[in-house]
Amino acid sequence: MLADPPQATVRLLNSKTPYQPGVSLLPGDYQLEIALAGYEPARVPVRIANSDVTMPVSLKRIEQPANYRLTVQPNRRPPGCAC
């Protein structure tokens, strides 16, 4: 698994074997979850049959809405004003 960004967490969802790069698995169908805060998690099906499998997976960054600042200034009356 070649995850982008590389610090993403990869989990095997339907196996008791924890994921680590180069993990040895029996032939079969597996479900991977790749996640990292600030990115949309991805679930990827993987079939291991007659050879090793290396998969590149790129996570999509969650777009954050723009932040704007709000400043409130009290309405100041000029000195001596009877407004």
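In this structure the amide hydrogen of L59, modeled in the peptide plane, comes within under 5 Å of the amide hydrogens of D4, none closer than 5 places in sequence on its chain.
Using Cβ point charges alone (K and R +1, D and E -1), the dipole size of segment 32-74 about the Cα centre works out to roughly 120 debye. Solvent-accessible area assigned to carbon and sulfur over the chain amounts to 51 percent, based on a 1.4 Å probe.
Stretching the chain fully between K16 and A49 yields a gain of 10.0 nm (0.36 nm per residue, less the alpha carbon separation). Local charge for A42 was computed over the other residues whose Cβ lies under 9 Å away, with Lys and Arg +1 and Asp and Glu -1, and equals 0. Computed as a quarter of the hull surface, the mean projected area of the alpha carbon convex hull for the chain stands at 9.3 nm².
Farthest toward the positive end of the dipole of the chain, out of S24, V53, Q73, is the Cα of Q73, where the dipole comes from beta carbon charges about the Cα centre. Ordered by 1.4 Å accessible area with all protein chains kept, Y19, Y68 run largest first as Y68, Y19.
The residues of the chain expose on average 87 square angstrom of accessible surface per residue, using a 1.4 Å probe on protein heavy atoms. Using Cβ point charges alone (K and R +1, D and E -1), the dipole size of the chain about the Cα centre works out to roughly 600 debye.
The values are calculated or read from the model by the stated rules, or taken from the named source; none is laboratory data. Computed from a predicted model, the values in this text were never measured in an experiment. As a convention, Cβ positions derive from the backbone with ideal geometry for all residues, glycine included, and neighbour counts pool all protein chains shown. Accessible surface areas use protein heavy atoms only, side chains included; no ligands, DNA or RNA. Shrake-Rupley method; radii C 1.70, N 1.55, O 1.52, S 1.80 Å.
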